[in-house]
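Novice: One structure, as structure tokens, below. Some questions next.
The values are calculated or read from the model by the stated rules, or taken from the named source; none is laboratory data. Everything quoted here is computed from the prediction, not taken from an experiment. Because the Cβ atoms are built from the backbone with ideal geometry, glycine has one as well, and the counts that use them run over all protein chains shown. These accessible areas exclude ligands, DNA and RNA; they are computed on the full protein's heavy atoms, side chains included. Shrake-Rupley method; radii C 1.70, N 1.55, O 1.52, S 1.80 Å.
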Amino acid sequence: MMDAVREAVVEFNRFDPAVVPWHRQRMTLILSVPTLQADSAVRYASWRALVTDFAARRLGSPASGLLPRLIGSTVLAACVTAYEQWLADENADLSGLLDQAVRQLADGYGELHPRG
């Protein structure tokens with residue numbers, strides 16, 4: 001299921017190189033201007049609902065259940081985090097970051113080692 005979500009997220013966020021500068025500027029504004037953040041919250045809610053509904057169907061459970069809702073919310077958080085990383089690093093690859101973020105989420109963060 002998470003492979004399907006990851007592949008859909010990466011494909012949906014694939015842009016022609018000619019529009020990448022415009023998209024970068026647009027996302028910078030959306031993620032930093034309070035009024036635009038509020039407006040985007042409505043879009044994020046519908047996006048999260050799509051992922052939640054997909055997860056619920058795949059899990060055979062209601063969309064109101066904890067796990068489908070958790071999947072919808074965490075996938076959204078992973079994608080926003082990937083976008084923030086992309087905006088912070090002009091040389092970063094958005095598709096690669098989205099792929100990595102959702103893959104890492106699906107892997108349960110893998111083997112994390114504390115520092116120190």
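Novice: So how strong a dipole does the chain carry about its Cα centre when Lys and Arg Cβ are +1 and Asp and Glu Cβ are -1, to the nearest 20 debye? Present the calculation step by step, with values, prior to reporting the outcome.
Specialist: Working: 11 positive and 13 negative charges, 82 e Å.
Using only the charged Cβ atoms, the result is roughly 400 debye.
Novice: Quick check: from the Cα gyration tensor, does region 1-61 come out rounded (a/c under 1.5), prolate or oblate?
Specialist: Note, shape of region 1-61 comes out oblate.
Novice: With a Förster radius of 30 Å, plug the Cβ-Cβ distance of Arg43 and Ala92 into 1/(1 + (r/R0)^6) and report the FRET value to the nearest 0.05.
Specialist: 0.85
Novice: Something else now. Rank Thr81, Ala55, Ser40 by how far each Cα sits towards the positive end of the charge dipole of region 13-113 (+1 on Lys, Arg Cβ; -1 on Asp, Glu Cβ) and give me just the farthest.
Specialist: Of Thr81, Ala55, Ser40, it is Ala55.
Novice: Which order do Leu50, Leu97, Leu70, Leu36 take by accessible area at a 1.4 Å probe, largest first?
Specialist: Descending order: Leu50, Leu70, Leu36, Leu97.
Novice: Leaving out ligands, DNA and RNA, what percent of the accessible area of the chain is carbon and sulfur, probe 1.4 Å?
Specialist: Numbers: 4400 of 7700 Å².
Result for the chain: 57 percent of the exposed heavy-atom area is carbon or sulfur.
Novice: Name the chymotrypsin sites (Phe, Trp or Tyr not before Pro) in region 23-116 that are in a loop by DSSP and that have at most 16 other C-beta atoms within 10 Å, would you?
Specialist: In loop regions of region 23-116 (DSSP not H, G, I, E or B), the sparsely surrounded chymotrypsin sites (Phe, Trp or Tyr not before Pro) are Tyr109.
Novice: Helix by helix through the chain, keep the DSSP H runs that span 27 Å or more along the axis on Cα and average at least -1.0 on Kyte-Doolittle, and give those back in order.
Specialist: TM-like helix candidates: 34-59, 66-88.
Novice: Computed over the Cα atoms of the chain, what is the convex hull's projected area averaged over all directions, in nm²?
Specialist: 8.7
Novice: Using a 1.4 angstrom probe on the protein heavy atoms only, line up Ser61, Ser40 by accessible area, largest first.
Specialist: On the way: Ser61 40, Ser40 10 Å².
Largest accessible area first, the residues go Ser61, Ser40.
Novice: Can you work out the accessible area per residue across the chain, with the rest of the protein chains kept in place, probe 1.4 Å, in square angstrom?
Specialist: Counting only protein heavy atoms, the per-residue value for the chain is 66 Å².
Novice: A further question on this structure: Mind checking which of Leu31, Phe12, Ser64 is farthest towards the positive end of region 9-72's charge dipole, using Cβ charges of +1 (Lys, Arg) and -1 (Asp, Glu) about the Cα centre?
Specialist: Positive-end residue among those listed: Ser64.
Novice: I'd like the accessible area for Asp3, computed on protein heavy atoms only with a 1.4 Å probe and all protein chains in place. Round to 10 Å², please.
Specialist: Surface open to solvent at Asp3 totals about 90 Å².
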